[in-house]
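One structure is given below, encoded as structure tokens.
Please treat every number below as a calculation from the coordinates, not as lab data. Values in this document were obtained by computation on a predicted structure and should not be read as measured data. All Cβ positions, glycine included, derive from the backbone under ideal geometry; neighbour counts span all protein chains shown.
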Amino acid sequence: MTRPKSHTVNGCFITLEGSEGSGKTTCLHFIQQWLTEHQYDHILTREPGGTPLAEQLRSLLLQPEHNEPVDTLTELLMMFAARNQHCKHIIQPALQQNKIVVSDRFTDTTWAYQGAGRHMNTQWIQQLETMVQGTLRPNLTLLLDMPAELGLKRAKKRGNLDRFERETLDFFNRVREAYLVRAKQYQHIYRILDATKPLADIQTQIQTYLIDYFT
Ligand code: T5A
């Protein structure tokens with residue numbers, strides 16, 4: 001299959017964002033299929049995670065039970081420790097090789113979950129973002145937006161809730177609101193998708209955004 005139009009990609013960073021169960025992982029596979037069909041050199045990755053060490057941090061972060069309370073600053077630092085490994089070993093090298101990097105979550109999740117959800121000091125997030133990423137920011141962020149109740153219902157269907165999925169509805173309402181505020185603030189990067197729609201409709205919309213971006 002040929003590309004929609006002749007286009008050279010000089011490295012491009014796409015992120016998928018949204019609350020629990022909004023369909024990010026499902027959409028990631030659709031994007032992979034689309035990029036493969038159109039012969040774009042790409043990698044798929046996720047946060048927290050993406051490298052062996054970052055994946056170990058992910059397991060610790062998602063593990064529901066610990067023998068001590070997880071302090072919110074510890075959580076924030078672990079997210080950025082994992083991100084640092086991810087940026088240095090996966091994202092930046094791939095972008096330098098002019099690949100398209102598609103990540104299931106990135107720092108916008110931190111702004112929404114730790115910033116709004118946990119009420120963490122946003123200056124700390126800002127400082128860590130600069131320290132870890134320098135100027136690295138997504139070129140395109142697809143936000144799967146839906147009422148928090150619906151996403152949690154989908155996530156709960158799978159059973160075995162992780163540490164975040166056990167949070168309150170208020171927490172996830174704050175997360176959703178923070179995403180929508182960021183989408184407004186960074187309109188040139190964000191594209192909002194209605195995650196309550198049937199998957200086929202969402203995929204059509206994603207395809208439109210991808211064609212729009214790459215052509
Ligand atoms: N975290 C992460 C932070 O707090 N700070 C950070 O900085 C970072 C990076 C990671 C957790 O870590 C937190 C946030 C998260 O809580 P995760 O597994 O990456 O965990 O994120 P989750 O949101 O928990 O992932 P989920 O798998 O729950 O949700 P997805 O990927 O959004 O949803 P998906 O695709 O698995 O779909 C869920 C179900 O819905 C169905 C699917 O088939 C599936 O069964 N579905 C649909 N059903 C109907 N209509 C549609 N349109 C559908 N789309 C999907």
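Cross-link partners for Lys99 among the lysines, with Cα-Cα distance under 21 Å and sequence neighbours closer than 8 places in the same chain left out: Lys5, Lys24, Lys88. In the chain, the C-alpha radius of gyration followed by the widest Cα-Cα span (Dmax) gives 16.9, 56 angstrom. Straightening the chain between Leu180 and Tyr209 buys 8.6 nm, computed as 0.36 nm per residue apart minus the Cα-Cα spacing.
Taken along the Cα-to-beta-carbon direction at a fixed 7 Å, the label points for Asp162 and Glu149 span 2.5 nm.
Eigenvalues of the alpha-carbon gyration tensor of the range 92-170, scaled by 5 and square-rooted, set the equivalent ellipsoid semi-axes at 27, 18, 11 angstrom, largest first. Where only DSSP H runs of four or more residues are counted, the chain gives -15000 deg cm²/dmol as its mean residue ellipticity at 222 nm, each run worth -39500 (n - 2.57).
As a size descriptor, the averaged projected area of the C-alpha convex hull of the range 30-126 was calculated at 7.2 nm². For the range 171-215, the square roots a ≥ b ≥ c of the C-alpha gyration tensor eigenvalues yield an a/c of 1.5 or more together with a/b not exceeding b/c, which makes the shape oblate. At 25 °C and 0.890 mPa s, what whole-number value in µm²/s does Stokes-Einstein give for the translational diffusion of the range 47-87, with Rh from the Kirkwood sum over Cα pairs? So the translational diffusion coefficient is about 241 µm²/s. Counting 0.36 nm for each residue step from Gln97 to Ala81 and taking away their Cα separation leaves a gain of 3.4 nm.
Karplus-derived 3J(HN,Hα) values for the range 56-62, using 6.51 cos²θ - 1.76 cosθ + 1.60 with θ = phi - 60°, are 5, 5, 4, 4, 5, 5, 8 Hz; glycine and proline are entered as x. Residues of the range 157-194 falling in the label zone of Val70, defined by backbone nitrogen less than 16 Å from a point 7 Å along Cα to beta-carbon, are 160-168, 171-172.
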